[in-house]
Amino acid sequence: MTATTTAPIAATPARTKGVPSARLKAWATRAPLLPALVFMIVVTQLPFVATLVISFFDWNALYPKARHFTGLDNYRQVLTDADLRHSVWTTVLLTVAVVVVSLVLGLALALLLDRRFRGRGVVRTLLIAPFLVVPVAAALLWKHVLYNPEYGLLNGLLHYVGGPQPDWISNTPLLAVEASLVWQWTPFMMLILLAGLQSRDHQQIEAARVDGASDWQIFRHLTLPHLRRYLELGALLGSIYIVQNFDAVFTITSGGLGTANLPYTVYQSFYQAHENGLASAAGVLVVIGSIVIATFALRVVSSLFREEVARG
């Protein structure tokens, strides 16, 4: 009985001595990350908190002394104002069109680059190049080099074949913005889908070919189901960035002709109308929408990692 009662008493101090050392080791491991965490909080979270506070005030920069607390009135105005509702609809239409077309073109290019042919490395580099162009520079390229009705490349080609000479931006403003964004975001979708194609089980594909499956059957029943997660990831990440796009709308159309999306409306409210409270409310709604989309994106990424770990 004496031996059985003294054993737990002797083991207890050993456990309690080990706890502080483990905590100190954990804090020592995390300590190098603290400056980055503090910097992130100061640069991102504090301005967002300030924006959130301002969004509850009727605050015009031209009349700073007349500001007063209005509660949710700014959010109510953002959701009920006709122009703001139109900007929300434009944002949704722009995002859906660009993401869908970019995914389709990116899938076609990924399938092309998944094959072996001479010069594949050069072609891959050239196809990635549009994504590396600065967004403002890409928008200026499309506005002046391609869309200009007098010396643009598109009208030059039409003139060569005897076609019409349309003013692309005036006639199809939203389509003009969408085309420039599709050109820039297709390489991004292509890279994601190409990574998915290269992670396929090639033995399964070879077995399907031996069984007499055609290329279309392999694509429909093997490749496409495998790429489902990658398609979701591309759509979600593309939506996060395109919802917040400002450069193309500002540079190509200056928000006119019905192309003003929500980020451009925030810019108009803040810098032109000087309505700080209203612009802050619209900005908070953009951030909330982006967070919702990012949450789904993170879930897709985590599921991809789990699948890769399970496969390995």
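A few comments on the model shown:
- Yes/no for Ser102 being part of a helix (DSSP H, G or I), within 24 Å of the chain's Cα centre (by Cα) and closer than 30 Å to Leu194 by Cα: yes
- Residue match in the range 245-263 (condition: at pLDDT below 85 and either of a type in the set (Val, Ile, Thr) or loosely packed, with under 12 Cβ neighbours inside 10 Å (or both)): no
- The residues of the range 225-259 that are among the polar types (S, T, N, Q) and over 18 Å from the mean Cα position of the chain (by Cα), listed by number, are Thr251, Thr253, Ser254, Thr259.
- Top-ranked residue of the range 264-289 - restricted to ones that are farther than 24 Å from Glu178 by Cα and either within 22 Å of the chain's Cα centre (by Cα) or of a type in the set (A, V, I, L, M, F, W, C) (or both), ranked as modelled with the lowest pLDDT: Ala273
- Pairs where the first residue, in the range 38-61, is closer than 16 Å to Ala281 by Cα and the second is open to solvent by less than 70 Å² (accessible area, probe 1.4 Å) and not in a helix (DSSP H, G or I), C-beta under 7 Å, 6+ apart: Phe56/Thr70; Phe56/Gly71; Phe57/Thr70; Asp58/Thr70; Asn60/His274; Asn60/Glu275; Ala61/His274
- Of all residues in the range 143-180, those being part of a helix (DSSP H, G or I) and either surrounded by fewer than 20 Cβ atoms within 10 Å (Cβ to Cβ) or of a type outside the set (Asp, Glu) (or both) number 23.
- Any hit, the range 62-72, residues being touching a residue at least 60 places away in the same chain (Cβ under 8 Å), under 22 Å from Ser290 (Cα atoms) and open to solvent by 70 Å² or more (accessible area, probe 1.4 Å): no
- Here Asn245 meets each of (1) polar (S, T, N, Q); (2) in a loop (DSSP other than H, G, I, E, B); (3) touching an Asp or Glu at 6+ places or on another chain (Cβ under 8 Å) with one exception, condition (3).
- Contacts under 6 angstrom Cβ, first residue in the range 216-227 being without any contact (Cβ under 8 Å) to a residue 24 or more places away in the chain, partner small (Gly, Ala, Ser), 6 or more apart: Ile218/Ala208
- Any chance Leu154 is closer than 26 Å to Gly258 by Cα and aliphatic (A, V, I, L, M): yes
- Only one entry of Leu105, Leu111 meets the criterion of being open to solvent by 50 Å² or more (accessible area, probe 1.4 Å), touching a helix residue (DSSP H, G or I) at 6+ places or on another chain (Cβ under 6 Å) and closer than 30 Å to Tyr230 by Cβ, and that entry is Leu105.
- Pairing each residue of the range 168-189 that is farther than 18 Å from Leu158 by Cα with any residue that is among the basic types (Lys, Arg) and open to solvent by 30 Å² or more (accessible area, probe 1.4 Å), provided the two are 6+ apart or on different chains, yields C-beta distances under 9 Å for Ser180/Lys143.
- Test: residue in the range 78-85 that is open to solvent by 60 Å² or more (accessible area, probe 1.4 Å), within 27 Å of the chain's Cα centre (by Cα) and of a type in the set (Ser, Thr, Tyr): yes
The values are calculated or read from the model by the stated rules, or taken from the named source; none is laboratory data. In this text, all values refer to a predicted model and were calculated from it rather than measured experimentally. Glycine gets a Cβ as well: all are built from the backbone with ideal geometry, and neighbour counts include every protein chain shown. Accessible surface is based on the protein model in full, side chains and every heavy atom, while ligands, DNA and RNA are left aside. Shrake-Rupley method; radii C 1.70, N 1.55, O 1.52, S 1.80 Å.
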